[in-house]
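Visitor: Dropping a structure here in structure tokens format, bear with me for questions.
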């Protein structure tokens with residue numbers, strides 16, 4: 001299997017991010033570029049992909065066989081709520097399905113600036129309810145996502161709690177965007193070491209989604225939300241990324257709320273390094289660890 005070294009992978013990521021994740025690059029081209037990067041990797045032999053609809057949205061089902069499993073990971077892709085798709089995250093979702101030995105469904109929720117907040121949240125809720133209507137129970141579902149998608153997964157769990165609905169079996173959050181106010185220390189200190197997120201691109205994404213509205217930022221920000229009673233969570237974060245403190249804060253708040261939470265930090269790795277699983281062994285190792293945790297989420301819930 002082809003593997004790039006950490007040094008080579010960092011250089012490639014930095015080049016691609018500077019080219020695409022850049023306010024000077026039109027949103028349509030950012031989207032097309034990410035789809036190209038994610039769309040051609042060699043996937044595990046056991047993986048099959050079905051392109052269907054879920055709650056009216058395009059959805060890619062990554063199955064670890066020729067059929068959907070009885071349990072499912074509902075995955076929300078990252079991309080600052082403005083870019084990204086099931087195609088861009090094809091590598092990540094396929095390897096996650098392989099290691100978790102379960103189906104992963106990735107939904108194409110509406111994107112900003114055409115569809116600002118709360119459109120993505122509404123679509124996350126709708127996709128979960130659609131799985132329930134298909135016959136899955138909360139015990140059969142794990143929520144997952146990276147960056148903005150991790151924020152959607154966490155927001156969905158909080159919404160389910162507020163609506164007195166059962167929590168899913170667990171959550172797998174990769175570098176979740178928790179603090180929409182972007183006020184943590186790592187937003188100041190980490191731009192120089194994170195090869196993915198630049199200050200200008202981060203500013204563009206925030207404007208697209210929340211339009212710099214203080215009221216909307218307060219509504220969408222998760223760093224001050226009540227986490228009591230939400231599903232157990234696994235958090236992955238690299239030490240060389242702007243959103244580092246978001247994960248550290250989430251872990252602390254979840255622990256203080258009495259939740260089961262496991263935080264895994266990856267030294268000298270960058271924002272959502274899991275993205276390139278087909279060519280980066282560190283990404284596969286991380287997804288294998290996550291897959292084992294997801295299997296444990298399902299096992300624990302089935303035994304409770």
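Visitor: (1) surrounded by 22 or more Cβ atoms within 10 Å (Cβ to Cβ); (2) out of contact with any strand residue (DSSP E or B) (no Cβ under 9 Å at 6 or more places or on another chain); (3) in a loop (DSSP other than H, G, I, E, B): which one isn't true of residue 193, the others all being true?
Guide: Against the list (1) surrounded by 22 or more Cβ atoms within 10 Å (Cβ to Cβ); (2) out of contact with any strand residue (DSSP E or B) (no Cβ under 9 Å at 6 or more places or on another chain); (3) in a loop (DSSP other than H, G, I, E, B), residue 193 comes up short only on (1).
Visitor: Looking at this structure, is residue 139 over 17 Å from residue 225 (Cβ atoms) and in contact with a strand residue (DSSP E or B) (Cβ under 6 Å, 6 or more places away or on another chain)?
Guide: no
Visitor: Sort through 225, 295 and tell me the only one that's closer than 22 Å to residue 166 by Cβ and modelled with pLDDT under 95. Let's see the steps before the verdict.
Guide: Numbers: 295 fails: modelled with pLDDT under 95.
Residue meeting the stated conditions: 225.
Visitor: For residue 35, are the conditions met, namely being modelled with pLDDT under 95 and either at negative phi or in contact with a helix residue (DSSP H, G or I) (Cβ under 9 Å, 6 or more places away or on another chain) (or both)?
Guide: Working: modelled with pLDDT under 95: no; either at negative phi or in contact with a helix residue (DSSP H, G or I) (Cβ under 9 Å, 6 or more places away or on another chain) (or both): yes.
So residue 35 does not fit the description; no.
Visitor: Among the numbered criteria (1) buried (at least 24 other Cβ atoms within 10 Å of the Cβ); (2) modelled with pLDDT under 95, which one does residue 104 miss?
Guide: Evaluating residue 104 over (1) buried (at least 24 other Cβ atoms within 10 Å of the Cβ); (2) modelled with pLDDT under 95 leaves (2) as the failure.
Visitor: Quick check on region 157-172: of everything there that is under 12 Å from residue 225 (Cα atoms) and touching a residue at least 40 places away in the same chain (Cβ under 8 Å), which residue is surrounded by the most Cβ atoms within 10 Å (Cβ to Cβ)?
Guide: To start, the set of residues in region 157-172 that are under 12 Å from residue 225 (Cα atoms) comprises 157-159, 161-162.
Imposing the further condition that a residue be touching a residue at least 40 places away in the same chain (Cβ under 8 Å) reduces the set to 157-158, 161.
Values: 157: 24, 158: 16, 161: 18.
Taking the candidates together, the pick is 157.
The values are calculated or read from the model by the stated rules, or taken from the named source; none is laboratory data. Not measured: the values here are computed from a predicted model. When we count neighbours, we look across all protein chains shown, and the Cβ atoms used for this are built from the backbone with ideal geometry, even at glycine.
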